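For reference, the structure discussed in these notes is given below.
The values are calculated or read from the model by the stated rules, or taken from the named source; none is laboratory data. What you see is a predicted model; the values in this text were computed from it and never measured. Because the Cβ atoms are built from the backbone with ideal geometry, glycine has one as well, and the counts that use them run over all protein chains shown.
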Amino acid sequence: MTGLKPNISIVAPLYNESETFPRLVERLNALMDTHPNRIEIVLINDGSKDNTPELMRQLALTDQRYHCVFLARNYGHQIALTAGLSQTRATDAIMVIDGDLQDPPELLNEMYQKYQEGYDVVYAVRRKRKENWFKRTAYATFYRFLKSISYIEIPLDSGDFSLMSRRVVDILNKMPEESRYIRGMRSWIGFRQTGIEYERAERAAGESKYSIGLLIKLAYNGIFNFSEYPIKFMKRMGYGAIFISMIYFIITLFKKLVFNDVPQGFTAILFAIIFIGGLQLFFLGILGEYVLRIFFQVKGRPLFIIANTIENCEQVEA
Ligand code: UDP
Ligand code: MG
């Protein structure tokens, strides 16, 4: 590949994926061998604790189609992907897949076809999820909720699995936001976008690296980075509370003036105090989410640190 730039880059982040690694390489090799275009594979080691980096090293030192990036520590999927995208050299298009073979790399042919028809983003839409019902329902509900409150159009049931044109990835690389929700940023960029359906496979081996906690964090990033709804919601609840208290005040005044009836009700007061107190704490929490995001963004730290890379079968220290 020396000298000649690849047409297509395929990016896959890896975190403790030594079990799936041989199968991933097998599938990618088969794809490259049959594809008419020059393809480079960009693998990112996101601070794995198993022997994933060793496997990557062995491969990239002997096969120059593999371009490996080793991060200084574990940064999480979205940042690992960001690091990978920044290292791609493809002239035409960049495909993003998970390293656990849940996203079939063979969809490249269909996606690239769409790219040649003039689409800048071709995202994959899950037809069926082969995961347990809890995760399926949770995902489906979340995507629909986010769509209803978001100020940009994020297609339903699409993840990061996609093919993007060079110019879209160049724009993504220039977006400095710290809490990244790549599928949302990709929609925000615009140009011509389209989806193609596919069936999401089960993990080839190993376990999901996304715990419930991490999934909630990703969902928060989607909500707080692409919607002002939580703030609006607070405002509306505030108006509502004022409105109700005004009515209550008028009723009380009326009772006092007409019937000379002094209001009683210790429980009602107690309830009101606890309710309003809880509401205020909840709203402070929502405000906190935005403040926290501002705090991390303002620090302006680099999003990731690259320890070293292997390109063209040679190790490059960062
Ligand atoms: N991943 C990563 N860093 C992390 C967690 C995950 O690079 O901290 C990678 C992981 O190796 C996989 C992809 O991100 O290639 C998706 O992760 P996973 O399969 O665990 O998520 P799920 O498919 O369950 O949503
Ligand atoms: Mg997975």
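Filter segment 224-242 down to residues that are β-branched (Val, Ile, Thr) and either under 28 Å from Tyr181 (Cα atoms) or surrounded by 14 or more Cβ atoms within 10 Å (Cβ to Cβ) (or both), then give me how many there are.
So in segment 224-242, the residues β-branched (Val, Ile, Thr) come out as 231, 242.
Subsequent filtering for residues that are either under 28 Å from Tyr181 (Cα atoms) or surrounded by 14 or more Cβ atoms within 10 Å (Cβ to Cβ) (or both) retains 231.
Of the residues in that region, 1 qualify.
It is to be established whether one or more residues within segment 269-291 are of a type in the set (A, V, I, L, M, F, W, C), in contact with a Ser or Thr (Cβ under 8 Å, 6 or more places away or on another chain) and surrounded by 12 or more Cβ atoms within 10 Å (Cβ to Cβ). Break it down into steps so the answer makes sense when it comes.
Start the filter on segment 269-291 by keeping residues that are of a type in the set (A, V, I, L, M, F, W, C), which leaves 269-276, 279, 281-284, 286-287, 291.
Next, from what is left, pick out any that are in contact with a Ser or Thr (Cβ under 8 Å, 6 or more places away or on another chain): none.
No, because not a single residue in segment 269-291 is of a type in the set (A, V, I, L, M, F, W, C), in contact with a Ser or Thr (Cβ under 8 Å, 6 or more places away or on another chain) and surrounded by 12 or more Cβ atoms within 10 Å (Cβ to Cβ).
Just one of (1) within 13 Å of ligand 1 (Cβ to nearest atom); (2) more than 17 Å from Glu199 (Cβ to Cβ); (3) without any contact (Cβ under 8 Å) to a residue 24 or more places away in the chain trips up Glu117, so point out which.
(1)
Let me confirm something: among Glu131, Glu106, which residue is within 11 Å of ligand 1 (Cβ to nearest atom), more than 16 Å from the chain's Cα centre (by Cα) and under 18 Å from Glu197 (Cα atoms)? Don't jump to the end; show me each part of the working.
Working: Glu106 fails: within 11 Å of ligand 1 (Cβ to nearest atom).
That would be Glu131, the only listed residue that is within 11 Å of ligand 1 (Cβ to nearest atom), more than 16 Å from the chain's Cα centre (by Cα) and under 18 Å from Glu197 (Cα atoms).
If you take the residues of segment 111-133 that are touching an Asp or Glu at 6+ places or on another chain (Cβ under 9 Å) and in a strand (DSSP E or B), which of them is farthest from ligand 2 (Cβ to nearest atom)?
Val122
Residue under question is Ile8, and the condition is that it be of a type in the set (A, V, I, L, M) and out of contact with any helix residue (DSSP H, G or I) (no Cβ under 6 Å at 6 or more places or on another chain); does it hold? I'd like the intermediate steps shown before the answer.
On the way: of a type in the set (A, V, I, L, M): yes; out of contact with any helix residue (DSSP H, G or I) (no Cβ under 6 Å at 6 or more places or on another chain): yes.
So Ile8 fits the description; yes.
Could you tell me whether segment 98-105 includes any residue that is within 16 Å of ligand 2 (Cβ to nearest atom), in contact with a helix residue (DSSP H, G or I) (Cβ under 7 Å, 6 or more places away or on another chain), within 24 Å of Asn37 (Cβ to Cβ) and aliphatic (A, V, I, L, M)? Don't jump to the end; show me each part of the working.
Taking segment 98-105 first, the residues within 16 Å of ligand 2 (Cβ to nearest atom) are 98-105.
Now narrow it down to the ones that are in contact with a helix residue (DSSP H, G or I) (Cβ under 7 Å, 6 or more places away or on another chain): 99, 101, 105.
Among the residues that remain, those that are also within 24 Å of Asn37 (Cβ to Cβ) are: 99, 101, 105.
Narrowing further to those that are aliphatic (A, V, I, L, M): 101.
So far as segment 98-105 goes, yes, one or more of its residues are within 16 Å of ligand 2 (Cβ to nearest atom), in contact with a helix residue (DSSP H, G or I) (Cβ under 7 Å, 6 or more places away or on another chain), within 24 Å of Asn37 (Cβ to Cβ) and aliphatic (A, V, I, L, M).
What's the number of the only condition in (1) among the hydrophobic types (A, V, I, L, M, F, W, C); (2) over 30 Å from Gly285 (Cα atoms); (3) exposed (fewer than 14 other Cβ atoms within 10 Å of the Cβ) that Ile216 fails to meet?
Checking Ile216 against (1) among the hydrophobic types (A, V, I, L, M, F, W, C); (2) over 30 Å from Gly285 (Cα atoms); (3) exposed (fewer than 14 other Cβ atoms within 10 Å of the Cβ), the one that fails is (2).
Which members of segment 111-141 meet the condition of being surrounded by fewer than 20 Cβ atoms within 10 Å (Cβ to Cβ), aliphatic (A, V, I, L, M) and at pLDDT 90 or above?
Val125, the sole residue that qualifies.
Among the numbered conditions (1) within 25 Å of the chain's Cα centre (by Cα); (2) over 28 Å from Pro302 (Cβ atoms), tell me where Asn7 comes up short.
Every condition holds for Asn7 apart from (1).
Name the pairs whose Cβ atoms lie under 7 Å apart, with the first residue in segment 285-311 and in contact (Cβ under 8 Å) with a residue 40 or more places away in the chain, the second surrounded by 14 or more Cβ atoms within 10 Å (Cβ to Cβ) and acidic (Asp, Glu), and 6 or more positions between them or separate chains?
Phe296/Glu178; Gln297/Glu177; Gln297/Glu178; Leu303/Glu178
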